[in-house]
1. Kindly indicate whether any position in the stretch 167-180 is under 16 Å from LYS275 (Cβ atoms) and either outside the structural domain of ALA277 (by TED's automatic domain parsing) or not in a loop (DSSP other than H, G, I, E, B) (or both).
2. Being farther than 25 Å from HIS478 by Cβ, touching a Leu at 6+ places or on another chain (Cβ under 9 Å) and either not assigned by TED's automatic domain parsing to the domain that holds VAL502 or not polar (S, T, N, Q) (or both) narrows it down to one of ARG422, ARG409, so name that one.
3. Among the residues that make up the stretch 418-434, is at least one of them part of a loop (DSSP other than H, G, I, E, B) and either at pLDDT 95 or above or not small (Gly, Ala, Ser) (or both)?
4. Quick check on this structure: which one of ASP462, ASP494 is assigned to a loop (DSSP other than H, G, I, E, B), among the acidic types (Asp, Glu) and surrounded by fewer than 16 Cβ atoms within 10 Å (Cβ to Cβ)?
5. Being at pLDDT 95 or above, out of contact with any strand residue (DSSP E or B) (no Cβ under 8 Å at 6 or more places or on another chain), under 29 Å from MET501 (Cα atoms) and assigned by TED's automatic domain parsing to the domain that holds LYS314: is that true of GLY403 here?
6. Do the conditions hold for LYS126, that is, is it at pLDDT 95 or above, assigned to a helix (DSSP H, G or I) and surrounded by fewer than 17 Cβ atoms within 10 Å (Cβ to Cβ)?
7. Looking at the stretch 66-83, which of its residues are touching a strand residue (DSSP E or B) at 6+ places or on another chain (Cβ under 6 Å) and aliphatic (A, V, I, L, M)?
8. What are the residues in the stretch 386-397 that are in contact with a Phe, Trp or Tyr (Cβ under 7 Å, 6 or more places away or on another chain) and either hydrophobic (A, V, I, L, M, F, W, C) or closer than 22 Å to ASP315 by Cβ (or both), if any?
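The values are calculated or read from the model by the stated rules, or taken from the named source; none is laboratory data. Note that this is a predicted model, so its numbers are computed, not measured. Please note: Cβ atoms are built from the backbone with ideal geometry, for glycine as well, and neighbour counts cover all protein chains shown.
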Amino acid sequence: MARKELLLLQEAMKKSGIDWYLIPTDDDHQSEYVGDYYKGRTWASGFTGSAGVLVAGQEEAYLFTDGRYYVQAAKELKGSGIELMKSGMPGVPTPSKFLVEKCEEGMTAGFDMRVVAKELGDIVKKGLEEKGAFLKDIALLDGIWTDRTPRSAKEVFVLDEKYAGESYESKITRLREEMKKLDACGHVIASLDDLAWLFNLRGGDVECSPMFLGFAYVTLEEAFLFLQNGVLNKEAEEYVKANQIQVLPYDSVYEFLGTRTEKKVMLDPERVNTKLAHSFAEETEMVEAANPTQLMKAIKNEVEIENLKKAHIKDGVAVTKLTYWVKKNCSTPDCEYTEIDASNYVDSLRLASDGCTDLSFPCISAYGPNGAMMHYSAKEEDCAVLKPGSFYLLDSGGQYLEGTTDITRTMVLGEVDAEAKRHFTAVARGMLNLQAARFLEGCKGVNLDILARMPMWELGIDYRCGTGHGVGYYLNVHEGPNSIRWKYGPGHHDCDLVPGMVTTDEPGIYLENKYGIRLENELLCVVEEENEYGRFLKFEPITFAPIDLDGIDPSYMNETEKMLLNSYHEQVYEVISPYLDEEEKAWLYEYTRPV
């Protein structure tokens, strides 16, 4: 029997004359993580992962997701009537190509154009037209999702310049200079992280990310901000007035853009929805380019960097205390603590830290086979008990006024076999080798990925995801344009790695029904030296927490790798130990001993 929500969708499709319907993960702003109001794909499919696209026909349905979620999706889709499509695997098309292929001449495909990026919307429209099929803008969920959570409208507040490090006036001036380079008189911004960064405002409309729902339209003289009614607190109201930012109703943006007379408007087709992009007058010339703010915010300023280092010390203390607690309490057969108990404990440690306002994503607390699901989410009713004989993987992070953090540590509980130690050592080697990279300016993430991945490839193993992603500053835990991966792919447009960028380093091994191993640090790109060959860059780790030596087999490490591990552990002890009690400090001293 198919999932009842899917049947409701298919019945609505039949009534509306829609042969095929697409539901992405996105909201009106093409966000990676969306509020409950926008989780239509989850509602219709039952798949709870943060990335995926549902393509439904009147009698069949397909869920596309990437390698991080293959195991989870297979489990959650069981009995739903929805077929899993493993994106990235040979022979599996993109959701947009698949939708077009399914539509025959005379058929009608549909989607809500507010939640589909312009780039994707235009590709689908063109493909359908070539086949003699049609595209309809229709929000089918509005009529059938009866228990939908209302759209969030939390308070919007000012992020003080002592945290932001740069004024709104400076940022808007830099943005307008970039607009002039492209001869653009207007610029529409829909991506929430770009919006929050540009205006030095934050909110609470997105789970685990301090952003607010809104749009902006910037000209060479004016700035318009579209917000929900009453969300600005008193300080923010005074702030927007002082900065001559004109505030208009959130839902009025589509009509407003239709009245604009600027001849040339810049927009990012990946970060503006289809309806928004097509709201302008027909004669308006569109300049399609990445939002300049995307690169601007990726390069952290000196104030942000100093603050980030403070945030990471707090975060490292929380994870180190959690590691001590796990190793002390969960390495004997009589342990009754669960994945939920451990995640609740680290969450409480983190949130008790000064300046921590939220988590940066829901904690991934995974024991044994659950660790093979890269983005596993423990449930109270069926979470695993932490017991000897396998690995415990903890991927967690916090939102601090001083910055956003993301760290993963995998711990050995009791004894594990030689193969497991070899796998753990390979992951540690990969992380340390990338962390130690020295490279010429102009390198991209694809040039460096092999440093992290090679120890796994030597074993004939791979991880089906990138090695690293950019991290925002009190914004999204996943932020572009910087990333580290071994191949190019749709939506992954590598940029040069430049000083000031923060990127994660997180190789792993994931063996279905067995275990998962991941180690993750955040790396700050800095200048090492400049000579006749150019400017050489390197990474500086800003994450400090111990790597479990119980999983390390030094016989699989060369002398350089041993030195890298020992040097890193010296730093961990130096940075973290002052914040521990005497028992914890003695444990950490032994736990970071040289190999």
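1. For the stretch 167-180, residues under 16 Å from LYS275 (Cβ atoms) and either outside the structural domain of ALA277 (by TED's automatic domain parsing) or not in a loop (DSSP other than H, G, I, E, B) (or both): absent.
2. Working: ARG409 fails: farther than 25 Å from HIS478 by Cβ.
Going through ARG422, ARG409 in turn, just one is farther than 25 Å from HIS478 by Cβ, touching a Leu at 6+ places or on another chain (Cβ under 9 Å) and either not assigned by TED's automatic domain parsing to the domain that holds VAL502 or not polar (S, T, N, Q) (or both): ARG422.
3. no
4. Exactly one residue qualifies, and that residue is ASP462.
5. Yes: the conditions hold for GLY403.
6. Against the criterion (at pLDDT 95 or above, assigned to a helix (DSSP H, G or I) and surrounded by fewer than 17 Cβ atoms within 10 Å (Cβ to Cβ)), LYS126 qualifies.
7. The initial filter retains those residues of the stretch 66-83 that are touching a strand residue (DSSP E or B) at 6+ places or on another chain (Cβ under 6 Å), namely 70, 73-74, 77, 82-83.
ALA73, ALA74, LEU77, ILE82 - these are the residues of the stretch 66-83 that are touching a strand residue (DSSP E or B) at 6+ places or on another chain (Cβ under 6 Å) and aliphatic (A, V, I, L, M).
8. Listed by number, the residues that qualify are LEU386, PHE391, TYR392, GLY397.
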